[in-house]
Amino acid sequence: MIFVALGANLPSSYGSPYETLQAAKKAMQDKGITIAASSRTWLTAPVPVSDQPWYHNEVARVETTLSPYELLEVLQDIENGFGRVRTVRNAPRILDLDLIGYHAEILDKPELIVPHPRMHKRAFVLLPLREVAENWAHPVLGMTLDDLIVNLPSDQEAVPMEEKVPV
């Protein structure tokens, strides 16, 4: 299984962060990446905690014949096409598309680390991931999603979008 995490906390030319995520999934499909399943949208506090707007996050299980490197290039092209500007780490963003898992492959290269090196510490990845791959286990840590979620830092807030809209 291949997983892409989507996130946004700034509006884009496509509209609100939620609308941006929907447009990004369409852009992925337009580039030949099949969305096999998509989580609900989760509202999540910024990590690290800051005063920036809450994020809208989803995880998509995708199918593609692209290699991990080719897929990363397509995802970055989509981000750039949406107007993403890379400034400082953890800055607010119009769109973030992360390749968080590519089957059970383990890659540790300067240009790509899979599974994503911080995914196991992020509620905004693990909670939506559980919706599209309940039985997935981390190929490096050997832990199930439930075990990873139990071990999340206690300061991470995440709720499904339909349950609460933070002010």
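Rule-based calculations on the coordinates, nothing more; no lab input. Small disclaimer: the values here were computed from a predicted structure and weren't measured. Using ideal geometry, Cβ is built from the backbone for each residue, glycine included, and neighbour counts are taken over all protein chains shown.
Scoring 11-18, 39-46 by mean Cβ neighbours within 10 Å over their residues and listing the highest first yields 39-46, 11-18.
Would you please classify the overall shape of the range 74-167 from the alpha carbon gyration tensor, given that a ≥ b ≥ c denote the square roots of the eigenvalues, rounded means a/c under 1.5, and beyond that prolate means a/b larger than b/c while oblate covers the rest? It comes out oblate by the Cα gyration axes.
Charged side chains reduced to their Cβ positions (Lys and Arg at +1, Asp and Glu at -1) give the chain a dipole of some 240 debye around its Cα centre.
A protection proxy built from the mean count of other Cβ atoms within 10 Å ranks the segments 151-157, 23-29, most packed first, as 23-29, 151-157.
Max-minus-min Cα coordinates of the chain on each principal axis give 39, 36, 29 Å, with the largest extent listed first. Summing charges over all other residues whose Cβ lies under 10 Å from the Cβ of residue 136, with Lys and Arg as +1 and Asp and Glu as -1, gives +1.
Using just the helices of the chain, give the 222 nm mean residue ellipticity in deg cm²/dmol: DSSP H runs with n ≥ 4 each add -39,500 (n - 2.57), and the total is spread over all residues, rounded to 500. Don't jump to the answer; show the numbers that get you there.
Details: 4 runs with 44 residues, N = 167.
The helix contribution divided over the chain gives -8000 deg cm²/dmol.
For the range 115-167, what does the alpha-carbon gyration tensor say about shape, rounded, prolate or oblate, given a ≥ b ≥ c as the root eigenvalues, a/c under 1.5 as rounded, and a/b over b/c as prolate?
Working: a/c = 2.40, a/b = 1.71, b/c = 1.40.
It is prolate, given that a/c is not under 1.5 and a/b is the larger ratio.
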